[in-house]
Structure formats: structure tokens, C-alpha cells
Amino acid sequence: MYRFLIAFAFSVFALSNLIDGKVQGQSRDYFIGNSLTDNILTGRALERAAAGTSNPIQTSQHIRCGSSLTRTLVAVEDPSQTGICVATGDSNFDLGEFPNAFQQDIDRLILQPFTGSSFQAELNSTEILIDTFRANPDNATDPVFIYATWGLQENFLSIWNDHVATLEGAFVQSASTYDLLLSELEKDGYEVKVIPAGQAFADLITLLQTTKVGNLADAADLYRDIIHASNAGRYLGALTAYLALSGDSIENVSLDHTVFPFNLNVEAHGLTLNDEAVAGIRQIASQVAPPSVILGDVSRDGEVNFLDIPPFVTILSVGGFQIEADFDRDGVTDFLDISPFVTKLSGQ
């Protein structure tokens, strides 16, 4: 076995020399959902959170304001329906609208089920979108995330904790709803991950019932109206989403909470966070979205074994990037990652 591993290391090293320099790893993410998550779902906060880390992000999206995934699919099929309400991207990165966007190579798909449809309808729509995404061979094994978001400020915590989801009932933003959704998807053979933004809100609001967190006093400080996030809520959501997507640790994220897209007018949209509030928000985000990347699991099957060798070689040969193959966490998959990869394989 060791002879084979040594031979493999040398062959991959030779292959890596064909790559013209280092390739900066930049994930191509695509979002489908509504506008509830504000600038988080449209990607600006995520791109900002990822800036300066080893896991930069490019984002594009198909956003239909105030709509469930079910209504979004209906609108795509029916030109008479109101279309998207947020630009699909910017001049640097724009995959366009669904379903045409799925014809392109996407690294991560993020779906946001939402109110306005039954639970069963949202489950069905989620599965349709995943099937359409996976129909493109380039996206066949790329991860899918469910954005589990927060609900209305009024009675949010009691609904989040006490609502009991059923297949026949309405889709309600609650812990039970997302638990049931993930369970049903798994039962139907769909492997998805979760961005626990709603749980982050719930944990912080629970804490605020007994103590202040810096200059955060209560749930209202996370909102700028009945549902959209304040500076504090945006910061919490962006950090949670980035950590869940990237598998990075909070120590590697130096996101400045005072700059775009968090610099909402303070008088209209809430207070400016002090240092203690920032620290508390960062702690909550890191607790609900701990690092989950398995280094070496390039095939993304939950294990590190010889099945990971072919995709690792492919990434090197095409000058690609994948976080599971970036052992030194420098944002690049290159020859420096070969030795630790071989070491990880030899230990299995």
C-alpha cells in the first residue's frame, strides 16, 4: 500500500506541474428563494464575509420577493406572474435566471423554502429543484444547502420552539419544520446540508431574555421591521451562512460589521453594535454552524478513502479548487496539498 501511495504522490506531483501557477479557490454559489434574508441571500454579505479568508465566494441568484419555492416554480412556468425582484448578479459574476443558470457549473446550490405554500408543496418543489440541478453532470455531486431562516419578530421564539410541523400543514418557519424537511428529504434519498440562520436568531433571542449581549437588549434589536434584519441581524445571518457553507472557523473571519451591507441607517434600522455585541454574535454563529468539512473527502461521501483519489487528481489537472482538497487552507488546491492528502489516505 505504501509503495502505491508513494507512486501516487509522485504522479500527482508531476501532474500538478502542468497547472499554470496557483489557482485561487472561489466557490460559485447560486441561491433560489425570496427576499426575507435581505442582502444575505442575494450574496453580498456572504461575499463580504468570505473576503480575506481562504474560501472566497462568488454569488448569483434567482430571488422572487415574498415567495415560496413553489410559487417561484409557478412563476417560471407562467410569464404572467411577477418575476424576480433582485438582480441575478453583478458585472463580475452573473449566472442569470433559473432554470438556465443550472446549465452552468455551480459549486453550491442554496434553496430557501418559505411560507405561502403547504409543507408538502415546498418539499416537492425542493426536490424538483435538486433534481434539475443534478441533471447537469457538472453539478451531479455538488452540495445543496437549505437556508433555514428566521420568522416574524412577533412571537418568533414561541413559534420557532412550539410549532409542530406536519406534511399536510402549512410551511411555517420553525425548528420542527426544518427538522421534518431534512428528514423527509433524507428519506427520499436527497442529501442536503443546512444553513441554521433561524436557530442562530433563536439562540441569541433566548439569551437576550435573561441578559444583555453588549448593547443588544431584546429581540427587536435583531430586526428593522416586523421581519427584515437590522444591522445586528444581518451580521448574525451573514456569519452563520458563511460558516455553514464554507466549513471555516470563526477565527478566520474578520468581517467588519460596520461596512456594507450592514451600514443601514441607524436611526431607522437599529443600533450600531459595540464590541461586546459583536463578540456575542460571533459566538452564537460559531455555535450553530461549526466547521463541518472533512479534509480529504474529495468525493463528498462522508469518508476519506481511495475513492477520493480520482476527483483529487482531476482538480489538480484542471486547476480547480475544492475545500475538501485544500489541506493547508490557503484557498488553493495545488502540489502543497498532495503530501497531506497522501498522509491522510495512509492513515485510513
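Take region 271-285 and flag every residue that is in contact with a Gly (Cβ under 9 Å, 6 or more places away or on another chain) and not in a helix (DSSP H, G or I).
L273, N274
If I filter region 81-101 for residues that are within 30 Å of L307 (Cβ to Cβ) and assigned by TED's automatic domain parsing to the domain that holds Q199, do I get at least one hit?
Within region 81-101 (the criterion being within 30 Å of L307 (Cβ to Cβ) and assigned by TED's automatic domain parsing to the domain that holds Q199), the answer is yes, since at least one residue qualifies.
Does P56 meet the test of being under 20 Å from D142 (Cβ atoms), surrounded by fewer than 20 Cβ atoms within 10 Å (Cβ to Cβ) and at pLDDT below 90?
yes
Here are some conditions: (1) loosely packed, with under 15 Cβ neighbours inside 10 Å; (2) farther than 23 Å from W160 by Cα; (3) of a type in the set (D, E); (4) in contact with a helix residue (DSSP H, G or I) (Cβ under 8 Å, 6 or more places away or on another chain). E276 meets all but one. Which one does it not meet?
All conditions pass for E276, except number (4).
If you scan region 303-323, which residues turn out to be acidic (D, E) and either loosely packed, with under 14 Cβ neighbours inside 10 Å or in contact with a Lys or Arg (Cβ under 7 Å, 6 or more places away or on another chain) (or both)?
E303 - this is the single residue of region 303-323 that is acidic (D, E) and either loosely packed, with under 14 Cβ neighbours inside 10 Å or in contact with a Lys or Arg (Cβ under 7 Å, 6 or more places away or on another chain) (or both).
Output the residues belonging to region 305-333 that are assigned to a loop (DSSP other than H, G, I, E, B) and either out of contact with any Leu (no Cβ under 7 Å at 6 or more places or on another chain) or farther than 27 Å from E251 by Cα (or both).
N305, G319, G320, F321, Q322, D326, R329, D330, G331
Mind checking which residues of region 86-129 are surrounded by fewer than 16 Cβ atoms within 10 Å (Cβ to Cβ), under 25 Å from L243 (Cβ atoms) and within 18 Å of the chain's Cα centre (by Cα)?
Within region 86-129, just D105 meets the criteria.
Is it true that I106 is in a loop (DSSP other than H, G, I, E, B) and touching a residue at least 40 places away in the same chain (Cβ under 8 Å)?
yes
The values are calculated or read from the model by the stated rules, or taken from the named source; none is laboratory data. Nothing here was measured: the structure is a model prediction, and the numbers come from that model. As a convention, Cβ positions derive from the backbone with ideal geometry for all residues, glycine included, and neighbour counts pool all protein chains shown.
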